[in-house]
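Chemist: This is the structure I want to talk about, given as structure tokens.
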Amino acid sequence: GVGPSDASPDEGVVEDLPLIDEKAVEQLTEGLISHYLPDLQRSKSALQELTQNQVVLLETLEQEISKFRECNSILDINALFSEAKHYHTKLVNIRNEMMMLHEKTSKLKVSRTMF
């Protein structure tokens, strides 16, 4: 015969369910939301703060990068000035040498005309 052990485990479940109480569902939903909502709101505000901090950090990095660019251009200008100074010194030396040579040649001309 058919005993209680032969019956399907799902058999009769639908008939056993009481009518769903919408008020109970609403209360359970509210309970679930009230349980998780504060954590989610804290997470949301923490993420917003993190995003704002990242924006500030990015702006600060951009400012620092522009400062480095300015420093590099200043270094380039300094190198240019030191190079110009170096060549100016060379020119002054060449001029002095030319004046000295001019004096020597003038003296030679004078001494040649004397003899």
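The values are calculated or read from the model by the stated rules, or taken from the named source; none is laboratory data. Owing to the predicted nature of the structure, the values given are computational and were not obtained by experimental measurement. Protein only, heavy atoms only, side chains kept; ligands, DNA and RNA dropped before computing areas. Shrake-Rupley method; radii C 1.70, N 1.55, O 1.52, S 1.80 Å.
Chemist: Could you tell me which of the residues ILE94, ILE74, ILE65 is assigned to a helix (DSSP H, G or I), open to solvent by less than 100 Å² (accessible area, probe 1.4 Å) and modelled with pLDDT under 90?
Modeler: ILE74
Chemist: How many residues, within the range 25-43, are open to solvent by less than 100 Å² (accessible area, probe 1.4 Å) and among the polar types (S, T, N, Q)?
Modeler: Total meeting the criteria: 3.
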